[in-house]
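Reviewing the structure listed below.
The values are calculated or read from the model by the stated rules, or taken from the named source; none is laboratory data. Everything quoted here is computed from the prediction, not taken from an experiment. Quick reminder, even Gly has a Cβ in these numbers, built from the backbone with ideal geometry, and neighbours come from all protein chains shown. SASA here: full protein model, heavy atoms, side chains in, ligands and nucleic acids out. Shrake-Rupley method; radii C 1.70, N 1.55, O 1.52, S 1.80 Å.
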Amino acid sequence: VILGRIQGGEKYNDIALQLVQLSLEVAPKFVRSYYELGQVYLNKGDKENALKAFQQAADLSPTAGIGYWYVGNVLLDLGRRDEAVVAIKKSADLGHAPKTEEYARLASLFIKNKDFTNAVRIYDALLEKDPKNTQLRATIASGYVDMKQLDKAVEQLRKIIEIDPKLRPDVEQFANKIGVRL
């Protein structure tokens, strides 16, 4: 599964799919196999089957928030925003605490779906937890560029330089690329 995701090779994804299907024949209620199956389908670009696999995992383990997290992310990627928000909220209610990178990816999915309110809500929460994270601020700046909120992007870029002045050349290069002045 990992080789299929990193290398993008169909060969690895096909092997992973065969192995996961074999594991499900042996232990059809082993939840972890459904997570792996969902990831294989995501690697292959098959979001509908990924959603089915993650939903099966959530159904088999209804008190584990991670299953609903994956369901919500795939739903959002499919453009099914309202269903996605319900699943992601259920994930949080069950105590699932995603990593910063997972939240940043979720925010970019909200941006893709033009749900800027939820994207900004996630960005604000992430910054509250880790205000000196320059990589996070760069991701947020890019998100604001996607949302056509260049003033907020510039605010993040300036904060990056304030936190780590050594990053000024990279930040200025990005600012030039998007057509703003610091």
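General remarks:
- Close contacts from segment 149-165, counting a first residue that is farther than 15 Å from Asn133 by Cα and a second that is open to solvent by 80 Å² or more (accessible area, probe 1.4 Å), with Cβ to Cβ under 9 Å and a gap of 6+ residues or different chains, come to Val154/Arg181.
- Qualifying residue in segment 65-82 (condition: of a type in the set (S, T, N, Q) and over 11 Å from the mean Cα position of the chain (by Cα)): no
- Condition broken by Lys44, with the remaining ones in (1) at pLDDT below 95; (2) closer than 26 Å to Phe116 by Cβ satisfied: (2)
- Pairs with Cβ under 8 Å, 6+ apart, first in segment 78-92 and within 17 Å of Lys52 (Cα to Cα), second part of a helix (DSSP H, G or I) and open to solvent by 80 Å² or more (accessible area, probe 1.4 Å): Leu78/Glu48
- Looking across Leu51, Leu60, one residue alone is open to solvent by less than 80 Å² (accessible area, probe 1.4 Å), within 20 Å of Arg32 (Cα to Cα) and out of contact with any Leu (no Cβ under 9 Å at 6 or more places or on another chain). It is Leu60.
- Qualifying residue in segment 41-48 (condition: hydrophobic (A, V, I, L, M, F, W, C), surrounded by 17 or more Cβ atoms within 10 Å (Cβ to Cβ) and closer than 28 Å to Ile122 by Cα): yes
- Qualifying residue in segment 2-23 (condition: at pLDDT 95 or above, farther than 25 Å from Asp93 by Cβ, open to solvent by less than 50 Å² (accessible area, probe 1.4 Å) and out of contact with any helix residue (DSSP H, G or I) (no Cβ under 6 Å at 6 or more places or on another chain)): no
- Filter pass, Ala27 being free of Cβ contacts under 8 Å to residues at least 40 places away in the same chain and touching a Gly at 6+ places or on another chain (Cβ under 6 Å): no
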